[in-house]
Amino acid sequence: MLKRIDVKHLTLGMYLHEFCGSWMEHPFWRTKFVLTDPNDLALIHATAIREVWIDVSRGKDVASGTASLSREEVDARIDTDFSRLEDLPPLVVEPPAPPPLPANDRLPTSMQSELRRAASICGQAKDAVFSMFNEVRMGKAVDAVSANGLVEEISSSVMRNPGALISLARLKTADDYTYMHSVAVCALMVALARQIGLSEAHTRSAGMAGLLHDLGKAAIPMTVLNKPGKLTDEEFAVVKHHPVAGYEMLKEGGSVEAAVLDACLHHHEKMDGTGYPDKLQGDKISLIAKMAAICDVYDAITSNRPYKRGWDPSESIRRMAEWTNDHFDPRLFQAFVKSIGIYPVGSLVRLTSGRIGVVMEQAPKSLVTPRVKVFFSTKSDMRIPPEVVDLAAPGSNEKIVAREDPDRWRFPDLNELWSGMPGQPW
């Protein structure tokens, strides 16, 4: 049985099942083990992790009367919160303005139509960000004019169909991660900015912040950045310095606006004040930095890294919901979920009929009725001819009853099923 407890109640002999937070926030290369080393316990207490999951069937339990939550209790609370999302009024942070007439290259398109175009943009953007990082490593200033053009290309794709580029950018390889992460966070920031009603100018700033937020990683040795195992304390400290390094690089260039600089410096701050580098708390964190914190973590935990496979998109949303009160602004996180869905594109799900499918596209009016491509029957335990099921269609008797773990099923063509593109799309 799993229990979520405060780290102050963690003791030797307990079986640590999972940290309640991103794997980027602690120096452990594993999470599932029996705590036997006092040094490991002290190291956990020294991190910003506040809660953990323990498995009492494989190790010591907490003392009687100690506050804890079961997995069922946590999931029930999250499901209740998600069920209310569609009824919540939109989070609009600026006075509404008449929407501009969309340019021809921003007119809405279908998911399948935009995927091909987005794949091309992803390839070009990866090369551009790679060049940007290399120039910074050589001591050159950031070319803000070129960066503006790249943000505009990414923004236009998101305007045409938000699900296409965001979903494709998640398919980065571990080697591509540093560069494609910037592209993905740019797209996520634009989508979130639109969701909360930011002006055109502020939406561009949000996109630029997403593109440049991790530029400080250019100062990290590649051996540390791509290390496949556990980081030493010294290496972990080097990684945690990247927001300051990026801020200083961009500020020295003199062509990047203050809001973008702030997002670069403070995208690892948390609502409870346990983030870095300045341990800012609550309203002391700017809106753009709060947005960047959410988008940065989502793309990081859904992406394959040298030391860990990415989590399924819908599982990532569920886990982030567990951390919301401590890590993220709750209203902004709700808006983020509205922007990409409770079951984002690429999520593996089980339907009422027992068929398993992958989410292809969000429904325009509901967070729980996406289009799903089913391809496996749990009743016959075998693949079936792929079929697209529109859960929002009138008279549809199907609905999502569970998330499925891709690592359990290991379908080799999962990404091709939803994208229609074999191999690496860009």
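Bear in mind that the values in this text are calculations on the coordinates, not laboratory data. Being a predicted model, the structure only gives us computed values, none of them experimental. When we count neighbours, we look across all protein chains shown, and the Cβ atoms used for this are built from the backbone with ideal geometry, even at glycine.
Quick one: if the Förster radius is 51 Å, what FRET efficiency do Ala141 and Ser366 give, using the C-beta to C-beta distance and rounding to 0.05? Working shown, then result.
Numbers: r = 46 Å, r/R0 = 0.91.
The value I calculate is 0.65.
Shape verdict for segment 231-281, please, from the Cα gyration tensor: rounded (a/c under 1.5), prolate (a/b greater than b/c) or oblate.
Numbers: a/c = 3.80, a/b = 1.34, b/c = 2.84.
Cα axes put segment 231-281 in the oblate bin.
Using alpha carbons only, how many angstrom separate the centre of segment 138-185 from the centre of segment 348-426?
Here the answer is 27 Å between Cα centres.
List, in order, the whole-Hz ³J(HN,Hα) value for each residue of segment 351-364 obtained from phi through the Karplus relation with A = 6.51, B = -1.76, C = 1.60 and θ = phi - 60°; use x for Gly and Pro.
9, 3, 6, x, 7, 10, x, 10, 5, 9, 6, 7, 7, x
If I stretch the segment between Leu88 and Glu252 completely, what's the gain in nm (0.36 nm per residue apart, minus their alpha carbon distance), one decimal?
Details: separation 164, 0.36 × 164 = 59.04 nm, distance 4.23 nm.
Once the chain is fully extended between Leu88 and Glu252, it gains 54.8 nm.
What span do the alpha-carbon atoms of segment 334-426 cover on each of the three principal axes, reported in whole Å from largest to smallest?
Sorted from largest, the Cα extents of segment 334-426 read 36, 34, 21 Å.
Taking a temperature of 4 °C and a viscosity of 1.567 mPa s, what whole-number D in µm²/s does Stokes-Einstein yield for the chain with Rh from Kirkwood over alpha carbon pairs? Walk me through the intermediate numbers first.
Working: Rh = 22.4 Å.
Estimated via Stokes-Einstein, D reaches 58 µm²/s.
If a/c stays under 1.5 just call it rounded; otherwise compare a/b with b/c (prolate if a/b is bigger, oblate if not). Do that for segment 169-223, with a ≥ b ≥ c from the square roots of the Cα gyration tensor eigenvalues. Display every interim value, and only then the final one.
Values: a/c = 4.55, a/b = 1.93, b/c = 2.36.
Here segment 169-223 falls in the oblate category.
Say each of Val388 and Arg77 gets a label point 7 Å from the Cα, pointing the same way as Cα to Cβ; how far apart are those two points in nm?
3.9
Lys270's amide H: which non-local residues (gap 5+, or another chain) put their own amide H closer than 5 Å, with H modeled 1.01 Å from N in plane and none for Pro or chain starts?
Gly275, Tyr276, Leu280
How much length is gained on full extension from Asp175 to Gln281, taking 0.36 nm per residue of separation minus their Cα-Cα distance? Kindly include the intermediate steps, with their values, before the conclusion.
Numbers: separation 106, 0.36 × 106 = 38.16 nm, distance 3.39 nm.
Difference between extended and current length: 34.8 nm.
Return the sequence-ordered ³J(HN,Hα) values of segment 285-299 in whole Hz as given by the Karplus equation 6.51 cos²θ - 1.76 cosθ + 1.60 applied to θ = phi - 60°, using x for Gly and Pro.
8, 5, 4, 5, 6, 5, 5, 5, 4, 5, 5, 4, 5, 4, 5
Once the convex hull of the alpha carbons of segment 321-368 is built, what does its volume come to per residue, in cubic angstrom? Intermediate results must be reported in sequence, preceding the final value.
Details: hull volume 4.4 nm³, N = 48.
So the per-residue hull volume is 92 Å³.
What spacing in nm lies between the two simple spin-label points modelled at Ala42 and Glu200, each 7 Å away from Cα in the Cβ direction?
Placing both labels 7 Å along Cα→Cβ, they lie 5.9 nm apart.
Tell me which residues come under 5 Å, amide H to amide H, from Glu18 once H is placed; ignore anything under 5 positions away on its chain.
Those lying under 5 Å, H to H, from Glu18 are Trp53.
Under 16 Å Cα-Cα from Lys251, which lysines qualify once same-chain neighbours fewer than 8 residues away are excluded?
Once the sequence-local lysines are set aside, what remains near Lys251 is Lys140, Lys217.
Based on the mean of other beta carbon atoms within 10 Å per residue, what is the order of 390-399, 3-12, most packed first? Before the final figure, lay out the partial values.
Details: 390-399: 12.1, 3-12: 16.4.
Per-residue mean Cβ counts within 10 Å order the peptides as 3-12, 390-399.
What residues qualify as long-range amide H neighbours of Phe376, i.e. H under 5 Å apart, gap of 5 or more or another chain, H built at 1.01 Å from N?
Residues meeting the criterion, in which the H sits 1.01 Å from N, are Ile356, Ile384.
With r as the distance between the Cβ atoms of Asp127 and Lys8 and R0 = 60 Å, compute the FRET efficiency 1/(1 + (r/R0)^6) and round to 0.05.
Values: r = 48 Å, r/R0 = 0.80.
That pair, Lys8 with Asp127, gives E of 0.80.
In whole percent, what relative contact order does segment 165-218 give with Cα contacts below 8 Å and a gap of six or more residues?
Details: 44 pairs, mean separation 20.2, N = 54.
It comes to 37 percent, rounded to a whole number.
Across segment 64-78, in residue order, what do the Karplus-derived ³J(HN,Hα) couplings come to in whole Hz, using 6.51 cos²θ - 1.76 cosθ + 1.60 with θ = phi - 60° and x for Gly and Pro?
4, x, 6, 5, 7, 10, 7, 4, 5, 5, 5, 4, 5, 5, 5
Using 0.36 nm per residue, how much length does the chain from Phe411 to Val34 gain when fully extended, once their Cα-Cα distance is taken away? Present the calculation step by step, with values, prior to reporting the outcome.
On the way: separation 377, 0.36 × 377 = 135.72 nm, distance 3.09 nm.
Roughly 132.6 nm would be gained on extension.
List the relative contact order of the chain as a percent without decimals, with contacts defined as Cα pairs under 8 Å and 6+ residues apart. Could you put the intermediate results ahead of the total?
Working: 728 pairs, mean separation 55.9, N = 426.
Here the relative contact order equals 13 percent.
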